[in-house]
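Accompanying notes for the structure given below.
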Amino acid sequence: MTAIDPNRVIVFDTSLRDGEQAPGFSMNTRGKRRLAHALAELGVDVIEAGFPSASPDDFAAVAGIAREVRGASIAGLARATRGDIEACARAVEHAERPRIHTFISTSPLHRLHKLNMDKAQVLESAVAAVELAKRYVDDVEFSAEDAIRTEPEYLVEIFSAVIAAGARTVNVPDTVGYSTPTEVRELFARLKREVVGADRVIFSCHCHNDLGLAVANSLAALEGGARQVECTVNGIGERAGNAALEELVMVLRTRQERYGMSTGINTQKLYPTSRLLQSITGQEVQRNKAIVGENAFAHEAGIHQHGMLKHRATYEIMHPEDVGITKSELVLGKHSGRHALKDRLTRMGYSLDEAETDKVFASFKALADKKKEIYDADLEALVLAVTGGNSSSYQLLSLSIQSATGESRMPTASVRLSTPDGGEVCEAAVGDGPVDALFRALSRAIGAEIILRSFHIRSISYGSDAMGQATVEAVWDGKEHIGRGTSTDILESSALAWLDVANRLLKARARAAAAVEEVAGV
């Protein structure tokens, strides 16, 4: 697939192959198909769906993706052997645009210790593999495994030979993440100059992140003449992973004046695709992960928050909406300032005078020294303490959970709550599981059904007595409400999180009703 636009970068995603084979990231066939469809919707040009000869399941997954997914080329990986190439050809035969990606190691280290072959034997195998693949598909890619540690003159020789044999893409992988940007840029520029037939093929880079340079090296390869980048969602892959697709794409978009290159990626689907992969694998990205991490568009420092409130470009070089994130977050903590606090209180519906704001801010700073993050419920309590209001919320007094396994299991939960008017209420319920029973009992207790959007629990410390933080998300009147609860008992933390969001919803409804009455002059 030769690029028509010389500045158009082909995005080759290998999350389903290189990414999936990494420890902890294995996916079942259904998960692979879900991700493949998401990658096609994202706008990925080539999806490397797997390694068909690795196992029957891998073959089935590649074949299923080739039959179902449209809009992207579907590639399968194959060693430079007849069995691998024929299996790959069968797996991708029903693809809209099938590709066979064949490879062989070329570095002295791999030739000696892995293949026990000399240069002539490796070159002969590479050419034979490309010629065989070409019988089945028109789109053949050849990779020189461990190319970065291969003699440059030998790379020129072998790439010239496989191009003559029919390869349309030649890949120069930094298999072990050893190189640096300057070396990568110079190597690609040399290959573009010296390889016979270089003008007839796409040069591709495949950089690993062992030294944390995968994205930087991939950008350097583009500067050296590469026009295909092999990458993965969230940077997953062997050892320290591959170049992160979302980072590469957003660098090219954000620094368009620097690189002058573009991709076909719909960037607003970057975050949803990242979240889908996390859901399928169960592996979350770190909070400070570029582009898609929780902190990527979150600001806690007071100086930063003040700047953001004045003009978002002061501390954001991208719009969160451009990558599929709803909005930036001003996270309240000990580093936050008065401007961020006042903005949050205003968005919560509170209108305080300067003296009241000063008192709430002083209480907020004192609380922030004790708590890592301040939630809306905490702020409500501070405001009520300053303005002389009451708690006006339901509080958990006790709970009891019974659960069992087997066909006759009937998880039950009972709760006792204090009510906003100072009374108490008790309720019980059964459910599909202990958490479901607990949430049903809470709904009965307050007399309101809360429709949840998501619920999850994570550990926020270490050891058998680790604190667990539960998070509940619900949407009401087009606005997102999030509740959190923390306890060493995960069921108690779940109840606290549910009550946190329920109280917030009830108060939001009360404020809305009061506003309507005020407008009506009641």
The FRET efficiency for GLU96 and MET410, from their Cβ-Cβ distance with R0 = 41 Å and rounded to 0.05, is 0.20
Between ASP138 and residues 5 or more places away or on another chain, the pairs with built amide H atoms under 5 Å apart involve none
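Every number in this text was worked out from the coordinates using simple rules, so none of it is lab data. Just so you know, these numbers come straight off a predicted model, no measurement behind them. Cβ sites come from the backbone with ideal geometry, for glycine too, and all protein chains shown count toward neighbours.
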